[in-house]
Amino acid sequence: MVGAGLGWTRLDVVERTASTNADLLARAASPDRGADVAGAVLIAEHQTAGRGRHGRGWSAGPRTQITMSVGVSVVDVPVAAWGWLSLATGVAVVDAVAAVTGIRAGLKWPNDVLAGPPESRGKLAGILAEVARPAVVIGVGLNVARAPDGVEGATSLRGLGAAEVDRGDLVRALLTELDRRIVAWRAARGADAALAADYRAHSLTIGTRVRAQLPGGGELVGTATGIDDQGRLCLDTGHQTAVISAGDVVHLR
């Protein structure tokens, strides 16, 4: 796995840590170790203080999740294209889960992986991307045997019927899929045609009426029509087409 197309140059597995993202960010800030982050993979058997967007908690018992962070070099890739990294990671998670378990998941913009019956889909995985120049650290929390504590509406692979899942197989599939997506993203200096098409195919948000809760407290309601070349959500409100770069999206029934 280490040294594949993108070049996962280092793989560390720890028994327990507060947050794999925080650990890689700290490594990136270290004067003597910052260069280690691009290509690094850090996996924790138990993440005790995992966090999602806006600092929300994302933790469960030991060996019940895949909690993993990777460092991706963004050298020579325009800043405007970095937003696609979390979207590409979502596609990689969906494809890896399908390959290993047969479970078909979908993507809610910007960074949630949902699975289950359409009327009761739950959050199967979350993704958090944070800048650590000259890299971006991407964290993935994937619920395997158990959903995280205190997270309403979460689900797990076991809860969806995949009783016996080898987490090692899932990690290998996820790193392989993510490697492939990021190699193409770097070559295209943004979203390549295949990534854009596959994201649209996996998206549960595009074509759906949504409420977008914006930073600062505002909100917009409309139909999600697509994703632009920066990974932003395009929303038709009936009066205008809004482009949303950050916010929480609620799917309206």
In whole Å, largest first, the alpha carbons of region 104-173 cover along the principal axes 41, 28, 24
Can you give the Rg and Dmax of region 149-212 based on its C-alpha atoms, in angstrom?
15.9, 40
In which sequence would 121, 253 go, from the one with the fewest C-beta neighbours within 10 Å to the one with the most?
253, 121
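Return 85, 160 ranked ascending by Cβ neighbour count within 10 Å, so the fewest neighbours appear first.
Result, fewest neighbours first: 160, 85.
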When the charge dipole of region 73-207 is computed with +1 at the Cβ of Lys and Arg and -1 at the Cβ of Asp and Glu, the Cα pointing farthest to the positive end, of 103, 188, 153, is that of 188
Express the C-alpha Rg of the chain as a ratio against the empirical globular expectation 2.2 N^0.38 Å, rounded to two decimals.
0.96
For the chain, with only Lys/Arg (+1) and Asp/Glu (-1) charged at the beta-carbon, what is the dipole magnitude about the Cα centre, in debye rounded to 20?
260 debye
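Each reported figure results from applying straightforward, stated rules to the coordinates on display, with no laboratory input. All figures in this text were calculated on a predicted structure; none of them were measured in a lab. Every residue, glycine as well, gets a Cβ built from its backbone with ideal geometry; the counts of neighbours run over all protein chains shown.
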